[in-house]
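Only one structure is covered here, and it is reproduced in the block below.
The values are calculated or read from the model by the stated rules, or taken from the named source; none is laboratory data. Only a predicted model underlies this, so the values are computations on that prediction, with no experimental measurement involved. Cβ sites come from the backbone with ideal geometry, for glycine too, and all protein chains shown count toward neighbours.
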Amino acid sequence: MTMTEAREVKRPGLFNALVPSVVSGIVLGVIGAAVAGYIVNAATQGGNLDATVAAVYTGWLLFFFVGIGAFDGIVQWGFARRELTSAEELELAGKGQGIWRYFRFTTDHKVVGIQYLATVFVLFFVGAIAAFMIRLEQSTPGAIYFTPSTYNTIVGMHGILMIAAAIIMVSGPFGNFVVPIMIGARDMAFPRLNALSYWLLFAALPIFLSTLALGGFQTGWTGYAPLAVQGLTPGMDAYCFTIIVFGISITIAAMNIITTVMVMRTKGMTWGRLPITVWGVTLSVLLGLTAFPTFIASQIMVLMDRIFQTSFFAASYGGSNWVYEHLFWFMGHPEVYVILLPAMAVAAEVSAVFSRKPLFGYRLLLGGFIGITVLSVIVWAHHLYLSGSVNALDGPFMLDTELISIPTGIIFLVLVGTLWRGRIWVTVPMLFVVGVLVNFVIGGITGIYLADIPTNEIFHGGMFVVAHFHFTLVGASVFGFFAGIYYWFPKMLGRRLDTMLGQLHFWLFEIGFLGTFLSLFYAGLLGEARWAANIPPPFAVPNTIASLFAILIAASVFTFIWNVIITLVRGERAVANEWGAKTLEWTVPTPVPLENFEHLPEVKSSPYDYGSPPVPAGDGVPATGGGVAGAPLQAHPQVES
Amino acid sequence: MITPSTPLEHETHELALHIRVGRARACSLILILADGLSILGIMAGGGYLSALNTENQYRMAGDHPPAFVPGLVVAISLVLSGLAYYWWERKVRRGESSGQLIFFIPAWALMILAMVVQILIGITLNRGYTAPYDAYESVITLIVWSMALRHALAAILGLPLFGRIMRGRIAGYEYLVEASGYWWYYTVAASLLMWLYALRLA
């Protein structure tokens, strides 16, 4: 032990454990919120509730991050006499802190990945509860269980929680945990910013949930102005603040992931040898980076209208709702591809592994992803066909929207081609990939009808749209997420999920999902409008059927939760290479050590070279181990220079 | 509790220089991209409102743009700040450890001056406007205060840079000065652009 390290050894204790941590963050955050709210309330003499609420949220955020130690890094970077030692960096990464590392500002990408995973589960669960409340209300005609105002808030909360969860569900857990290992790195490019991006998300959750105590918000998940600036209650402020904080979190995470993939790839990991998951996540966050700034700007404008009485959206003072719609949907459409791309990439990854075949057209698939990334930025006004805006551009936007079905179709072709004549291993991840294919056909084809202006005029604002986006976002993207969960769970948490429960989860989910949303397609064809608590009698039958099938979805959710719980408590321990896959994350031990690799690997082949003879290893290279015998790995260790 | 490092942990502690340089540049450029898009969104929104002139209420008689002379002071301060930063950066790249503060302090001080004057512009602007503000006043208010925010961010960035200079931790970390410079120059350029845009809207 050196002199420096002797000085670094600190005495453990309860105080050191709690400070800094999420506990001190919450305590200080609450104090900061109260103080800031008190000051602004006094300054405005209680006459501007929105300003007070904004001050409370700002105080919460600033002091939460002080309490959790997020600013320590900046102080050290600027004012310390020396750089951090390796011991100090490893302490930041959670070395020797046991389970407490998940409740601190821990920089290890694997910890951040697990934190994201837990948060995604919570968001999905709460969003699912809201969904079941919606289906309950819509199971029979009449606004029986909730007032229309409460129903609107439930629908809006369901929407924004699920959208937020879907945005981060692949890039958060897998982008953080798996991607650095996949590219042969020891961590993300910016470990502290990685932790910051997660804790921003965490800090946004109480802000969002406070809307329930502030009267809720009536606009639905889109937060449309001018309704957003007209609310009598400050619940809308919670929505706006949540979006701003969430957008900043996404921006930081996107910057981190892109930089990591650009500069941290190991020797031999060329762009053409990157696992498709890495491409999907990287393109997704790149798209998010370009999409979210306008969303943040729109929410700042809404807050300004609410707090300072500006008039960006009020027509009587020269504002226009079209400004909001354009700013929102400029984000809103790329956002669905932010959700879709990583999920499809995971489906492709899984399909190659469990077909024991190379991806059918790696570069074709990549071209499809890039095509979607580029085209998705120029189609947003198909959400505004009936708004009265952009009449002259309706045609070009319709064309662009239809064009995007080409790269999407290519993705579908690659997935099917990968399975074609493969040695299919029917695992639970593979079941979910099949579910992706089935659901995405339906979701994609119905999108064509919505892309075309004549049919859009009929379907706009109806349940047909709701069913369409559920088939694409849930049927394709969430199913892709579950494929990834069952695939990487052994590596991330060291245990195998129960196969039978996984199969039960899949079938309950798929049958329930198809029954629910095919019924809603029918309701949409009949002319049912969306966002209505009171179902008129002509639409009662399909809604009742949908609600009955939703019970199966609920059963699937609890099946999955039960599977996770019993696996964590007494599940079978996983081996290092559970599936005999070839990507780098399967070359490291389970559980993954803090530094990921003992020696950084050198990549010598494609990640999907199933059926190819193994690449000759160098001297001293251990034999491949774990999982299916004889599966040659993508890389071999090299002595780190 | 911090436990002593193993030899492997010592070995893995230092990233190669080219990785540190690459990540610093990428971080700065990507954040500039994101922020630049938000500025474009604001400008597009403002231009759209101007073109729509909904119910002929976009701009009323008596609506005035921000005061020109203080805006000019801000613009000049920013340009000089950018130039001073550039000279500081050049000094760092040449490995000249002495006299860095001669260029850095003016760069930082001018940025702070720009921020203070911009805040004063905002305060006097809003005293001249009457709530509820029309669309033109709303756009000008947003532009003025978002410029102030960007100046503040750059000024805050100057603080840890100053700390590193005082601690002698710039040598060997020239890439940090370069990457920070990207953000500094971007702040100057974006602020000038938004100032000209606000004048154009008038």
Of (1) within 14 Å of another protein chain (Cβ to nearest Cβ); (2) free of Cβ contacts under 8 Å to residues at least 60 places away in the same chain, A:Val374 satisfies all except one. Which?
(1)
Please enumerate the residues belonging to region A:67-81 that are more than 16 Å from A:Asn194 (Cβ to Cβ), assigned to a helix (DSSP H, G or I) and within 11 Å of another protein chain (Cβ to nearest Cβ).
A:Val75, A:Gln76, A:Gly78, A:Phe79
Run A:His468 past the list (1) in a helix (DSSP H, G or I); (2) more than 26 Å from the chain's Cα centre (by Cα) and report the number of the one that doesn't hold.
(2)
Within region A:70-115, residues on the phi > 0 side of the Ramachandran plot and without any contact (Cβ under 8 Å) to a residue 12 or more places away in the chain come out as A:Gly96, A:Gly98
Conditions: (1) at the interface with chain A (Cβ under 8 Å from one of its Cβ atoms); (2) under 19 Å from the mean Cα position of the chain (by Cα); (3) free of Cβ contacts under 8 Å to residues at least 40 places away in the same chain. B:Arg167 meets all but one. Number of the miss?
(2)
Look at B:Ile30 and say whether it is of a type in the set (Val, Ile, Thr), within 8 Å of another protein chain (Cβ to nearest Cβ), crowded, with 19+ Cβ neighbours inside 10 Å and touching a residue at least 24 places away in the same chain (Cβ under 8 Å).
no
Sole miss for A:Ile244 among (1) within 14 Å of another protein chain (Cβ to nearest Cβ); (2) over 22 Å from A:Val30 (Cβ atoms) is condition (2)
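This table checks each residue for (1) buried (at least 21 other Cβ atoms within 10 Å of the Cβ); (2) touching a residue at least 24 places away in the same chain (Cβ under 8 Å).
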| position | (1), (2) |
| --- | --- |
| A:Leu393 | no, no |
| A:Pro396 | no, no |
| A:Ile404 | yes, yes |
| A:Ile424 | no, yes |
| A:Leu437 | no, yes |
| A:Gly443 | yes, yes |
Suppose we keep only residues that are at pLDDT below 95 and surrounded by fewer than 17 Cβ atoms within 10 Å (Cβ to Cβ) within region B:121-155. Which one would you say is nearest to A:Asp72 (Cα to Cα)?
B:Ile123
Within region A:182-235, work out how many residues are aromatic (Phe, Trp, Tyr), closer than 21 Å to A:Thr153 by Cα and part of a loop (DSSP other than H, G, I, E, B).
3
Residues satisfying the stated conditions in region B:114-158, i.e. β-branched (Val, Ile, Thr) and more than 8 Å from every other protein chain (Cβ to nearest Cβ):
B:Val116, B:Val117, B:Ile119, B:Ile121, B:Ile123, B:Thr124, B:Thr130, B:Ile140, B:Ile143, B:Val144, B:Ile156
Region B:164-175 - residue that is assigned to a helix (DSSP H, G or I) and of a type in the set (A, V, I, L, M, F, W, C) and, of those, surrounded by the most Cβ atoms within 10 Å (Cβ to Cβ):
B:Ile165
Quick check on this structure: which one of B:Leu161, B:Leu201 is within 14 Å of another protein chain (Cβ to nearest Cβ) and surrounded by 20 or more Cβ atoms within 10 Å (Cβ to Cβ)?
B:Leu161
Would you call A:Leu84 within 13 Å of chain B (Cβ to nearest Cβ), within 31 Å of the chain's Cα centre (by Cα) and surrounded by 14 or more Cβ atoms within 10 Å (Cβ to Cβ)?
no
Hey, which of the helices (runs of 4 or more DSSP H) in region B:1-99, taking only ones fully inside, have at least 2 residues that are at pLDDT 95 or above?
B:17-52, B:68-93
What do you reckon, is B:Gly95 more than 10 Å from chain A (Cβ to nearest Cβ) and buried (at least 17 other Cβ atoms within 10 Å of the Cβ)?
no
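Residue by residue, here is whether (1) more than 10 Å from every other protein chain (Cβ to nearest Cβ); (2) closer than 24 Å to A:Pro206 by Cα; (3) touching a Phe, Trp or Tyr at 6+ places or on another chain (Cβ under 6 Å); (4) surrounded by 24 or more Cβ atoms within 10 Å (Cβ to Cβ) holds:
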| position | (1), (2), (3), (4) |
| --- | --- |
| A:Ile250 | no, yes, yes, yes |
| A:Ala253 | yes, yes, no, yes |
| A:Asn256 | no, no, yes, yes |
| A:Met262 | no, no, no, no |
| A:Lys267 | yes, no, no, no |
| A:Val278 | yes, no, no, yes |
| A:Val281 | yes, no, no, yes |
Output for region A:265-314, where each listed residue is under 30 Å from B:Asp134 (Cα atoms) and outside any helix (DSSP H, G or I)
A:Gln309, A:Thr310, A:Ser311, A:Phe312, A:Phe313, A:Ala314
Residue count, region A:377-388 (criterion: surrounded by fewer than 19 Cβ atoms within 10 Å (Cβ to Cβ) and either in contact with a Ser or Thr (Cβ under 6 Å, 6 or more places away or on another chain) or of a type in the set (S, T, N, Q) (or both))
1
In this structure, is A:Gly494 surrounded by fewer than 22 Cβ atoms within 10 Å (Cβ to Cβ) and in contact with a strand residue (DSSP E or B) (Cβ under 9 Å, 6 or more places away or on another chain)?
yes
Long-range neighbours under 6 Å by Cβ, at least six apart or interchain, first residue touching a residue at least 40 places away in the same chain (Cβ under 8 Å) and on the phi < 0 side of the Ramachandran plot within region A:119-133, second surrounded by fewer than 18 Cβ atoms within 10 Å (Cβ to Cβ) and of a type in the set (Lys, Arg)
none
Qualifying position, being in contact with a Leu (Cβ under 9 Å, 6 or more places away or on another chain) and not assigned by TED's automatic domain parsing to the domain that holds A:Leu200, among A:Gly37, A:Gly25, A:Gly96, A:Gly59
A:Gly96
Could we say that A:Ala297 is under 30 Å from A:Gly47 (Cβ atoms), facing chain B (nearest Cβ under 9 Å) and either without any contact (Cβ under 8 Å) to a residue 60 or more places away in the chain or out of contact with any helix residue (DSSP H, G or I) (no Cβ under 7 Å at 6 or more places or on another chain) (or both) here?
yes
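Here is a yes/no grid of residues against (1) modelled with pLDDT of 95 or more; (2) in contact with a strand residue (DSSP E or B) (Cβ under 8 Å, 6 or more places away or on another chain):
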| position | (1), (2) |
| --- | --- |
| A:Leu518 | yes, no |
| A:Ala529 | no, yes |
| A:Ala532 | no, no |
| A:Ile535 | no, no |
| A:Ile545 | yes, no |
| A:Leu548 | yes, no |
| A:Ala555 | yes, no |
| A:Thr559 | yes, no |
The residue that is surrounded by the most Cβ atoms within 10 Å (Cβ to Cβ), considering only those in region A:11-35 that are touching a residue at least 24 places away in the same chain (Cβ under 8 Å) and more than 16 Å from A:Trp199 (Cα to Cα), is A:Ala33
